[in-house]
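Report on the following structure.
The values are calculated or read from the model by the stated rules, or taken from the named source; none is laboratory data. As the structure is a computational prediction, the values presented were derived from the model and not from experiment. Here Cβ is always computed from backbone atoms with ideal geometry, including for glycine, and neighbour counts include all displayed protein chains. We work out accessible area using only protein heavy atoms, side chains counted, and drop any ligands, DNA or RNA first. Shrake-Rupley method; radii C 1.70, N 1.55, O 1.52, S 1.80 Å.
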Amino acid sequence: MVHTVIFDIGNVLIGWNPRLLYNKVFATPEEADWFVSNITHLDWNEEQDRGRPIAEATELLVAEHPEWEREIRIYYDRWTEHFSGAIAGTVEVLEAMKASGCYRLLALTNWSAELFPWARENFPFLSHFEDIMVSGEVKMKKPNPDIFLHLAKTYELGDFSGCLFIDDSPRNCATARSLGLDAIQFESPEQLREALAERGVRW
């Protein structure tokens, strides 16, 4: 029986895609996609999620690609434009779980410690969680096993028996499963509801 549900936040509860910003900056979606894939790419962004200061990250990337300085600086100067807002269907699931009182609710997110306070201020439903482990605060990040093990130790989850993890990333779900943590790879609120029902999660 599931007693603890661990949510990812980005692209599970809150829509995030830097292309939303760069579609405003570049003339075509193809240019925006190239820039996000090759310059402000995921590996660079995840170092901020692991605790690297934003100012340091920006200067390192500008030094590496000086021809893109303006566009690089926009990444964090206008970073709230990366977000499309709450994913309503998933928020409804979270709120129903909270109201039922049947589940321990935790969150595990890759997010810069410098920027996460904005999320807390702008998305009140994040207060439904008992706690949120933020990668930038603990200086570890998904999909590395160390952050999952730190989660288990911090919240006394043992071998993850009775725990369920929800994340949109195949890599993160794969690591969770390798550690004995059942995982649902999130695709949509409707798919999530079906996957929860299959596991007997009710509210």
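Inspect all residues belonging to the stretch 160-176 and state whether any of them is more than 21 Å from L13 (Cα to Cα) and assigned to a helix (DSSP H, G or I). Within the stretch 160-176, none of the residues are more than 21 Å from L13 (Cα to Cα) and assigned to a helix (DSSP H, G or I).
Give the residues of the stretch 183-195 that are touching a residue at least 24 places away in the same chain (Cβ under 8 Å) and either surrounded by fewer than 20 Cβ atoms within 10 Å (Cβ to Cβ) or not in a loop (DSSP other than H, G, I, E, B) (or both), sorted by residue number. Across the stretch 183-195, the qualifying residues are S188, P189, E190, L192, R193.
Remark: pairs (first residue in the stretch 8-33, closer than 30 Å to C163 by Cα; second residue basic (K, R); Cβ separation under 9 Å; 6+ apart in sequence or on different chains) = D8/K142. Would you please name the residue that is surrounded by the fewest Cβ atoms within 10 Å (Cβ to Cβ), looking only at residues in the stretch 81-91 that are part of a helix (DSSP H, G or I) and touching a helix residue (DSSP H, G or I) at 6+ places or on another chain (Cβ under 7 Å)? In this case the residue turns out to be G89. Of all the residues in the stretch 46-61, those that are open to solvent by 10 Å² or more (accessible area, probe 1.4 Å), free of Cβ contacts under 8 Å to residues at least 24 places away in the same chain and of a type outside the set (D, E, K, R) number 3. Do we find that L151 is over 19 Å from L42 (Cβ atoms) and open to solvent by less than 10 Å² (accessible area, probe 1.4 Å) in this structure? Criteria met by L151. Within the bounds of the stretch 5-13, is there any residue that is crowded, with 17+ Cβ neighbours inside 10 Å, touching an Asp or Glu at 6+ places or on another chain (Cβ under 9 Å) and in a helix (DSSP H, G or I)? No, the stretch 5-13 contains no residue that is crowded, with 17+ Cβ neighbours inside 10 Å, touching an Asp or Glu at 6+ places or on another chain (Cβ under 9 Å) and in a helix (DSSP H, G or I). Of all residue pairs spaced 6 or more apart or on separate chains, those with beta-carbon atoms under 9 Å, a first member in the stretch 77-93 that is in contact (Cβ under 8 Å) with a residue 40 or more places away in the chain and within 22 Å of R193 (Cα to Cα) and a second member that is of a type outside the set (D, E) and loosely packed, with under 13 Cβ neighbours inside 10 Å are I87/S188; G89/S188; T90/S188. For the stretch 19-37, a residue qualifies if it is loosely packed, with under 14 Cβ neighbours inside 10 Å and within 21 Å of the chain's Cα centre (by Cα), and exactly one does: S37. Please go through the stretch 136-176 and give me each residue that is over 20 Å from T90 (Cβ atoms) and of a type in the set (S, T, N, Q), ordered by number. N144, T154, S161, T175 - these are the residues of the stretch 136-176 that are over 20 Å from T90 (Cβ atoms) and of a type in the set (S, T, N, Q). Put simply, of E71, E64 the only residue that is more than 17 Å from W111 (Cβ to Cβ) and open to solvent by 60 Å² or more (accessible area, probe 1.4 Å) is E64.
Identify, please: which residue in the stretch 95-133 is charged (D, E, K, R) and in a helix (DSSP H, G or I) and is, among those, surrounded by the most Cβ atoms within 10 Å (Cβ to Cβ)?
Narrowing the stretch 95-133 to residues charged (D, E, K, R): 95, 98, 104, 114, 120-121, 130-131.
Cutting the leftovers down to in a helix (DSSP H, G or I) gives us 95, 98, 120-121.
Details: E95: 13, K98: 17, R120: 12, E121: 9.
Among those residues, the one meeting the criterion is K98.
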